[in-house]
1. Hey, can you tell me all the residues within the stretch 228-268 that are touching a helix residue (DSSP H, G or I) at 6+ places or on another chain (Cβ under 9 Å) and buried (at least 18 other Cβ atoms within 10 Å of the Cβ)?
2. Quick one: what pairs do we get from the stretch 241-264, first residue assigned by TED's automatic domain parsing to the domain that holds residue 290 and outside any strand (DSSP E or B), second surrounded by fewer than 16 Cβ atoms within 10 Å (Cβ to Cβ) and at pLDDT below 95, C-beta under 6 Å, 6+ apart or different chains?
3. I'd like the full set of residues that are more than 16 Å from residue 48 (Cα to Cα) and either buried (at least 21 other Cβ atoms within 10 Å of the Cβ) or at pLDDT 90 or above (or both), limited to the stretch 269-283.
4. Quick check on my filter: what residues within the stretch 311-330 are in contact with a helix residue (DSSP H, G or I) (Cβ under 8 Å, 6 or more places away or on another chain) and assigned to a loop (DSSP other than H, G, I, E, B)?
5. Scan the stretch 286-309 and tell me whether some residue there is more than 24 Å from residue 239 (Cβ to Cβ) and either touching a helix residue (DSSP H, G or I) at 6+ places or on another chain (Cβ under 6 Å) or touching a residue at least 12 places away in the same chain (Cβ under 8 Å) (or both).
6. What number of residues within the stretch 116-136 satisfy the criterion of being over 16 Å from the mean Cα position of the chain (by Cα), farther than 18 Å from residue 97 by Cβ and assigned to a strand (DSSP E or B)?
7. Which one of 211, 174 is surrounded by fewer than 16 Cβ atoms within 10 Å (Cβ to Cβ), free of Cβ contacts under 8 Å to residues at least 60 places away in the same chain and not assigned by TED's automatic domain parsing to the domain that holds residue 6?
8. Being within 20 Å of the chain's Cα centre (by Cα), over 22 Å from residue 161 (Cβ atoms) and free of Cβ contacts under 8 Å to residues at least 60 places away in the same chain is the requirement here; does residue 105 meet it?
C-alpha cells in the first residue's frame, strides 16, 4: 500500500488528490448505482461497493462489501469480508489512483472516470463510470459534522461525484450482457468516534427516476441529520430540515435496525416518500447495507437507493465496543 496522505482539518485538496488513504483516521469509499440491459429497460440491476478502513484504538480494520441486486427477478448477490489487523487472506491495496481487494473488488481512477470491477458467486460486473458534473463537497468547508452541539466530536471530509454515467458488461449466471445506467461516488475521511452510540448513522444515497439524487446522513441517537440535494442540472444544495421517521424494524443478533422509513424533504418535494428495504437478508453485522425502494404514498415506484446502517443507531445505548461489533458480537 502506498504511503498514507498526511491529514489535517485545515482544508482539503481536489478529489483526485485525496483518493488514497490518510494517516491515523478512518477512510471510506462508496460507489453505488443502477444499470439496465441495453435492449431491455425493465431488466434493472442495483450494484454497490463499500470499502472502509476503520481506526479502532491503535488497530485498523478493513470492511469490504460488494453486492448486485437483480430487481426484475428479486435475486440478491453479495461478497465481502471484515479484515482484522492479524487476519490472513487478501489485503486491501490502495494507491494514488487505485483500490484493489484481490479479484473481487477493484476501482481504478482514470482522470474524470472510474473503472469498476466486481466479482462474486455467479456474477461479474465491469463498468466505466464517467463524471458529468464537478465534485460536490459537503457544506461550506467539505466537512460532514456529526453534531451541532459537539462539532469537534466527529468530523469527516466528504466529497461526492454525482450523476455519473455508467456503461459496461454484466455477467450473471453464465450470461453476458451490455448494460448502461447511472452511479454516484461518495468519499469520506476523518475522525469517526465509533464508540459513541450517538455517532452511529443511517446514511442513504437515493436515485430518483427524474434524475435527482439525495444524500442523507441521519444520527437517530443524536437527533441530528444533514443532507445534500444533488441535481443533474448542477443546482446542488445543502438540505435544511427534513423528517426521516423509521416505520419498520429488523433484528440481527440482538441489534435492532430500521428497515422502512417515511421521508419528507420540504425543500425537495411537498409529498412524502416511503423507503423500503428490498431484501431483509441484506441485514448483518457489523454494517447492514440493504438496497431501498423509493415509493410515493400511493405505492408508485419513484426510484431506488442504497444505505449503510450502523448497529447502534436504533438501540438504546451510550457507548459500544467497536471490536465486538466487528467480530459480530453484542
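The values are calculated or read from the model by the stated rules, or taken from the named source; none is laboratory data. As the structure is a computational prediction, the values presented were derived from the model and not from experiment. Positions of Cβ are backbone-derived with ideal geometry, glycine not excepted, and every protein chain shown enters the neighbour counts.
1. 246, 250, 255, 257, 258, 259
2. 254/330
3. The answer is 269, 270, 271, 272, 273, 274, 275, 276.
4. Once the filter is applied, which keeps residues that are in contact with a helix residue (DSSP H, G or I) (Cβ under 8 Å, 6 or more places away or on another chain) and assigned to a loop (DSSP other than H, G, I, E, B), the stretch 311-330 yields 315, 317, 318, 320, 330.
5. yes
6. So the count comes out to 5.
7. 211
8. no
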